[in-house]
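Have a look at the structure below before the remarks.
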Amino acid sequence: GLKKWVEVGNSGVFRPELLLPMGLPENVSVIAWGLSLERPTMIKYGIKNIRELMGHRVNLQMVYDSPMCRLDV
């Protein structure tokens, strides 16, 4: 319904400069993946900027008003 591509399952490879401080050798590759639930959540609640959903700019009132898990159902 959005008429555009939306990233749902994200993945990637960590860059060597992020791994070196952890004591890993340069020739080690580390992959990561996740469900990426933030994209569908942004669509559902009309959030345009991911920084409003994650990080220091999160509006905690939105979290209280729109719980992800309802226990009363």
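The values are calculated or read from the model by the stated rules, or taken from the named source; none is laboratory data. Note that the coordinates shown come from a computational prediction; the quantities given were computed from them, not determined experimentally. Accessible surface areas use protein heavy atoms only, side chains included; no ligands, DNA or RNA. Shrake-Rupley method; radii C 1.70, N 1.55, O 1.52, S 1.80 Å.
Annotations
- Options (1) 248; (2) 105; (3) 162 - which one matches volume of the Cα convex hull per residue in Å³ as calculated here: (3)
- The chain, helix-only ellipticity at 222 nm - DSSP H runs n ≥ 4, -39,500 (n - 2.57), divided by all residues, nearest 500: -5500 deg cm²/dmol
- Exposure ranking of S36, S66, S29 by accessible area [1.4 Å probe, largest first]: S29, S66, S36
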